[in-house]
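Enquirer: Once you've had a glance at the structure underneath, I'll fire off some questions.
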Amino acid sequence: MASNYTEPSRMPVLMVGTGEYTTGFVGSTGAASTSDKKIGVVALTCIDLKRRGKVSDLSMVGTSGPKFPAIRSHIQSKIGDVYKGMDCSFQSFPDDKTVDPNAYKSALAALPTPGLVIIFTPDSTHYPIALEALTLGHSVLITKPATQLLEHHQELAELAAKKNLVCWVEHHKRFDPAYNDGRARSEALGDFNFFQSYMSQPKSQLETFKSWAGIDSDISYYLNSHHIDIHCWMVEGKYKPVRVTASATKGIGASLGCAPQTEDTITLLVDWVNVKEPEKKGTGVYTASWAAPMKAGVHSEQHFHYMASKGEVKVDQAHRGYSVVSDDVGKIDFNPFYMKYSADAGFFDGQRGYGYISIEKFVDAAREVAAGNAKAADYDAAGLPTIKNTILTTAILNAGRISLDETRSVAIKETAPGQWKLE
């Protein structure tokens, strides 16, 4: 019997944002980041996917064209000159002499349809960029948080469904082997009771993010989003959040030159109820900080504790039993499961890292949908961070921001199946 399967074509990619996560480029000097993303994630992954025949032409858009010569040099020296077979060419927007905060519009207009749009920009810009990309017929991958406002997230979900386009949120912790396995094992542990998480980065990140920290967004949107998404996934369809109360500390960020309103550490306390048996309740406590000590041996502390009626899951992903000590920097706990930058026989060998996988799975899904082999909605039931599956994560984050700004608890209510509002 003849197969109806159509071999997917390579698709063009537009990378929106030129910062640390995309390129590893920091500042105006082209120096590699001091974080665990020294040569970036998005550009490296896309260049390798091009080598592997999954994507075609690459383009990149920022707001400052004069940065691109240094970015090209950085990418060539850190990727093109290090790994075999890597074509680092890309079209850039705006041109090298222009500064244009709306350059993404020209870049999207120039992207052949259907294309792939990967957004790693300040939080407040996610919604307008994703909205225009979906409107033009492109599949979209948005860094977390998808949006800052719940209504914007739901609008993107509705538009993506209407146009049968893949729209995912880059919640890469879903692909972390320990988190993924912990979630699977939690299903046999009975009713949810308590979840506590902590994720931090050293205060040096406040220097990296000084231009927007406390102004454009906060550390809860940036880091709590990881564990909130994991917890939402663990109790999906069984429990729902009903109230959020937030608390925060201040002082360290302001002392380092950030805006005076910058919170250093934010904790969200969330009340959960069982969907079928409302008398059963649970509690979630999510803490995020970008004021952690320097030289702690890890770039990011990350751990959670999930307790249920028949057992518990504890995951410490900051310390994975793999450390290196040198006289120069001391002890470092490495995480090669996220991005592996070392080469194998001269070729990039990081395809099994969950940072890489989260982008590749999006690319694969978009190619299958574009080829007519699947519908975008098919992926909602596959445990993937689709725009539909991640609505409650944004609801909690948005409620947390309101709670901090208005010094009150915020209710989350379901107005219709899959439709939510904050009160």
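Enquirer: Condition first: outside any loop (DSSP other than H, G, I, E, B), of a type in the set (S, T, N, Q) and under 20 Å from Cys46 (Cα atoms). Now tell me which residues in the range 87-126 satisfy that. Even if it seems obvious, please write down each step before you answer.
Expert: Taking the range 87-126 as the starting set, the residues that turn out to be outside any loop (DSSP other than H, G, I, E, B) are 91-93, 99, 103-110, 116-119, 123-126.
In the following step, the residues that additionally are of a type in the set (S, T, N, Q) were identified as 91-92, 106, 124-125.
Of everything in the range 87-126, those that are outside any loop (DSSP other than H, G, I, E, B), of a type in the set (S, T, N, Q) and under 20 Å from Cys46 (Cα atoms) turn out to be Gln91, Ser92.
Enquirer: Would you confirm, using the coordinates I've provided, whether Ile357 is within 30 Å of Tyr127 (Cβ to Cβ) and either buried (at least 21 other Cβ atoms within 10 Å of the Cβ) or in contact with a strand residue (DSSP E or B) (Cβ under 8 Å, 6 or more places away or on another chain) (or both)? Don't jump to the end; show me each part of the working.
Expert: On the way: within 30 Å of Tyr127 (Cβ to Cβ): yes; either buried (at least 21 other Cβ atoms within 10 Å of the Cβ) or in contact with a strand residue (DSSP E or B) (Cβ under 8 Å, 6 or more places away or on another chain) (or both): no.
Criteria not met by Ile357.
Enquirer: Take the range 130-148 and flag every residue that is within 16 Å of Lys163 (Cβ to Cβ) and among the hydrophobic types (A, V, I, L, M, F, W, C). Before the answer, list the steps.
Expert: Going residue by residue through the range 130-148, those that are within 16 Å of Lys163 (Cβ to Cβ) are 130-142.
Ala130, Leu131, Ala133, Leu134, Leu136, Val140, Leu141, Ile142, listed by residue number.
Enquirer: Are there any pairs with C-beta distances below 7 angstrom linking a residue in the range 298-320 that is at positive phi to a residue that is surrounded by 15 or more Cβ atoms within 10 Å (Cβ to Cβ) and assigned to a loop (DSSP other than H, G, I, E, B), with the two at least 6 apart or on different chains, and if so which?
Expert: Going by the 7 Å Cβ cut-off, the qualifying pairs are Gly311/Leu189.
Enquirer: Looking at Ala291, is it aliphatic (A, V, I, L, M), more than 18 Å from Val410 (Cβ to Cβ) and in contact with a strand residue (DSSP E or B) (Cβ under 6 Å, 6 or more places away or on another chain)?
Expert: Working: aliphatic (A, V, I, L, M): yes; more than 18 Å from Val410 (Cβ to Cβ): yes; in contact with a strand residue (DSSP E or B) (Cβ under 6 Å, 6 or more places away or on another chain): yes.
Taking the combined requirement at face value, the residue satisfies it.
Enquirer: Shifting gears a bit: What's the total number of residues in the range 262-301 that are small (Gly, Ala, Ser) and over 24 Å from Ala318 (Cα atoms)? Walk me through it before giving the result.
Expert: Step one: list which residues in the range 262-301 are small (Gly, Ala, Ser), which gives 282, 284, 288-289, 291-292, 296-297, 300.
Then drop every residue that is not over 24 Å from Ala318 (Cα atoms), which leaves 282.
Counting residues in the range 262-301 that are small (Gly, Ala, Ser) and over 24 Å from Ala318 (Cα atoms) gives 1.
Enquirer: Taking the range 176-203 on its own, how many of its residues are of a type in the set (A, V, I, L, M, F, W, C), outside any strand (DSSP E or B) and under 15 Å from Lys238 (Cα atoms)?
Expert: Just the residues of the range 176-203 that are of a type in the set (A, V, I, L, M, F, W, C), to begin with: 178, 184, 188-189, 192, 194-195, 199.
Next cut, outside any strand (DSSP E or B) only: 178, 184, 188-189.
Now drop any that are not under 15 Å from Lys238 (Cα atoms), which leaves 184, 188-189.
Qualifying residue count, the range 176-203: 3.
Enquirer: Would you call His172 within 24 Å of Ile412 (Cβ to Cβ) and surrounded by 22 or more Cβ atoms within 10 Å (Cβ to Cβ)? Step through it out loud before you land on a result.
Expert: Numbers: within 24 Å of Ile412 (Cβ to Cβ): no; surrounded by 22 or more Cβ atoms within 10 Å (Cβ to Cβ): yes.
Spelling it out, it is not the case that His172 is within 24 Å of Ile412 (Cβ to Cβ) and surrounded by 22 or more Cβ atoms within 10 Å (Cβ to Cβ).
Enquirer: Those residues that are without any contact (Cβ under 8 Å) to a residue 40 or more places away in the chain and either outside the structural domain of Thr147 (by TED's automatic domain parsing) or closer than 21 Å to Val42 by Cβ (or both), I need them from the range 349-377; list them, please.
Expert: Across the range 349-377, the qualifying residues are Asp349, Arg352, Gly353.
Enquirer: In addition: May I ask you to list pairs of residues, at least six apart or on different chains, whose Cβ atoms are under 7 Å apart, with the first in the range 244-259 being assigned to a loop (DSSP other than H, G, I, E, B) and the second being surrounded by 15 or more Cβ atoms within 10 Å (Cβ to Cβ) and β-branched (Val, Ile, Thr)?
Expert: As it stands, the answer is Ala259/Ile215, since those pairs meet every condition given.
Enquirer: Please specify each residue of the range 378-421 satisfying the condition of being in contact (Cβ under 8 Å) with a residue 12 or more places away in the chain, more than 30 Å from Thr262 (Cα to Cα) and touching a strand residue (DSSP E or B) at 6+ places or on another chain (Cβ under 8 Å).
Expert: If the condition is that a residue be in contact (Cβ under 8 Å) with a residue 12 or more places away in the chain, more than 30 Å from Thr262 (Cα to Cα) and touching a strand residue (DSSP E or B) at 6+ places or on another chain (Cβ under 8 Å), then Tyr379, Leu384, Thr386, Glu414 are the ones that fit.
Enquirer: If you don't mind, there's one more thing I want to ask. With respect to Val324, is the statement that it is surrounded by 15 or more Cβ atoms within 10 Å (Cβ to Cβ), touching a Phe, Trp or Tyr at 6+ places or on another chain (Cβ under 8 Å), in a strand (DSSP E or B) and assigned by TED's automatic domain parsing to the domain that holds Ile266 true?
Expert: Numbers: surrounded by 15 or more Cβ atoms within 10 Å (Cβ to Cβ): no; touching a Phe, Trp or Tyr at 6+ places or on another chain (Cβ under 8 Å): yes; in a strand (DSSP E or B): yes; assigned by TED's automatic domain parsing to the domain that holds Ile266: yes.
No: the conditions fail for Val324.
Enquirer: When you look at Met339, is it touching a Pro at 6+ places or on another chain (Cβ under 6 Å), more than 15 Å from Ile230 (Cα to Cα) and not in a strand (DSSP E or B), yes or no?
Expert: Values: touching a Pro at 6+ places or on another chain (Cβ under 6 Å): no; more than 15 Å from Ile230 (Cα to Cα): yes; not in a strand (DSSP E or B): yes.
No: the conditions fail for Met339.
Enquirer: Could you tell me which residue of the range 214-227 is farthest from Gln148 (Cα to Cα), considering only residues that are under 17 Å from the mean Cα position of the chain (by Cα) and not hydroxyl-bearing (Ser, Thr, Tyr)? So that I can check it myself, show each step before the final result.
Expert: Applying the first criterion (under 17 Å from the mean Cα position of the chain (by Cα)) to the range 214-227 yields 216-227.
Now restrict to residues that are not hydroxyl-bearing (Ser, Thr, Tyr): 216, 218-219, 223-224, 226-227.
Numbers: Asp216: 10, Asp218: 10, Ile219: 12, Leu223: 13, Asn224: 13, His226: 14, His227: 16 Å.
Result: His227.
Enquirer: Asp264 - would you say it is within 12 Å of Leu397 (Cα to Cα), buried (at least 20 other Cβ atoms within 10 Å of the Cβ) and among the acidic types (Asp, Glu)? So that I can check it myself, show each step before the final result.
Expert: On the way: within 12 Å of Leu397 (Cα to Cα): no; buried (at least 20 other Cβ atoms within 10 Å of the Cβ): yes; among the acidic types (Asp, Glu): yes.
Considered against the rule, which asks whether it is within 12 Å of Leu397 (Cα to Cα), buried (at least 20 other Cβ atoms within 10 Å of the Cβ) and among the acidic types (Asp, Glu), Asp264 comes out as no.
Enquirer: While we're here: What do you reckon, is Pro114 under 22 Å from Ala213 (Cα atoms), touching a residue at least 24 places away in the same chain (Cβ under 8 Å) and in contact with a Ser or Thr (Cβ under 8 Å, 6 or more places away or on another chain)? Break it down into steps so the answer makes sense when it comes.
Expert: Working: under 22 Å from Ala213 (Cα atoms): no; touching a residue at least 24 places away in the same chain (Cβ under 8 Å): yes; in contact with a Ser or Thr (Cβ under 8 Å, 6 or more places away or on another chain): yes.
Judged against the criteria, Pro114 is not a match.
Enquirer: May I pose another question? When you go through Leu159, Leu223, Leu206 one by one, which is the residue that is surrounded by 24 or more Cβ atoms within 10 Å (Cβ to Cβ) and in a helix (DSSP H, G or I)?
Expert: Numbers: Leu159 fails: surrounded by 24 or more Cβ atoms within 10 Å (Cβ to Cβ); Leu206 fails: surrounded by 24 or more Cβ atoms within 10 Å (Cβ to Cβ).
Only one candidate qualifies: Leu223.
Enquirer: Which residue is surrounded by the fewest Cβ atoms within 10 Å (Cβ to Cβ), if the candidates are limited to the range 277-291 and must be farther than 22 Å from His172 by Cα and touching a residue at least 12 places away in the same chain (Cβ under 8 Å)?
Expert: Kept after step one, since they are farther than 22 Å from His172 by Cα, are these residues of the range 277-291: 277-283, 291.
Checking the rest, the ones that are also touching a residue at least 12 places away in the same chain (Cβ under 8 Å) come to 280, 282-283, 291.
Values: Lys280: 16, Gly282: 22, Thr283: 14, Ala291: 23.
Filtering the range 277-291 for residues that are farther than 22 Å from His172 by Cα and touching a residue at least 12 places away in the same chain (Cβ under 8 Å), the one surrounded by the fewest Cβ atoms within 10 Å (Cβ to Cβ) comes out as Thr283.
Enquirer: Within 20 Å of the chain's Cα centre (by Cα), at pLDDT 95 or above and over 25 Å from Glu20 (Cα atoms), is that true of Glu187?
Expert: No.
Enquirer: Going through Ala399, Ala377 one at a time, which residue ends up being in a helix (DSSP H, G or I) and under 20 Å from the mean Cα position of the chain (by Cα)? Show your work before the answer.
Expert: Values: Ala377 fails: under 20 Å from the mean Cα position of the chain (by Cα).
Only one candidate passes the filter, namely Ala399.
The values are calculated or read from the model by the stated rules, or taken from the named source; none is laboratory data. These figures come from a predicted structure and were not determined experimentally. Note that we place each Cβ from the backbone using ideal geometry, even for glycine, and neighbour counts take in every protein chain shown.
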